1. Just name the residue that is nearest to D16 (Cα to Cα) out of those in region 34-51 that are among the small types (G, A, S) and open to solvent by less than 50 Å² (accessible area, probe 1.4 Å).
2. If I ask for residues that are farther than 27 Å from L12 by Cα and part of a strand (DSSP E or B), which ones from region 23-57 would you list?
3. I need the full set of residues from region 27-52 which are among the β-branched types (V, I, T) and either more than 17 Å from K74 (Cα to Cα) or touching a helix residue (DSSP H, G or I) at 6+ places or on another chain (Cβ under 6 Å) (or both), in order please.
Amino acid sequence: MKYKERRKKIILPPADIILELLNDEPQNDIHLLEFYNGYIHAAATESLYTVDGLKAGYHINEDLVQEIRIEFLKSLSALRSTSIGIL
């Protein structure tokens with residue numbers, strides 16, 4: 001298998017959401033959170049195990065989801081200023 005085939009595809013938000021971020025438009029934070037919501041929930045998913053050590057299912061840690069969202073929103077201003085500085 002070639003190296004390029006093994007690389008993971010990087011998924012970015014649509015251009016309009018990125019432009020909203022750069023222009024600091026209202027509601028852009030909400031659009032970015034909606035775009036990354038699936039990734040946030042995947043990161044906050046924890047496996048559940050029985051006493052015997054068998055996997056019993058999955059659980060979404062809502063506290064972790066909230067903490068990721070808060071840190072994500074806090075990082076947007078730095079991302080915005082860095083991105084504008086590059087352009």
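The values are calculated or read from the model by the stated rules, or taken from the named source; none is laboratory data. Quick caveat: nothing in here was measured; it's all calculated off a predicted structure. Cβ: placed from backbone, ideal geometry, glycine included. Neighbour counts: every protein chain shown. Heavy atoms of the whole protein, side chains included, go into the accessibility calculation; ligands, DNA and RNA do not. Shrake-Rupley method; radii C 1.70, N 1.55, O 1.52, S 1.80 Å.
1. Here is the first cut: in region 34-51, the ones among the small types (G, A, S) are 38, 42-44, 47.
Then drop every residue that is not open to solvent by less than 50 Å² (accessible area, probe 1.4 Å), which leaves 44, 47.
Values: A44: 27, S47: 36 Å.
So the residue we want is A44.
2. Residues satisfying the conditions are S47, L48, Y49, K55, A56, G57.
3. Going residue by residue through region 27-52, those that are among the β-branched types (V, I, T) are 30, 40, 45, 50-51.
Of everything in region 27-52, those that are among the β-branched types (V, I, T) and either more than 17 Å from K74 (Cα to Cα) or touching a helix residue (DSSP H, G or I) at 6+ places or on another chain (Cβ under 6 Å) (or both) turn out to be I40, T45, T50, V51.
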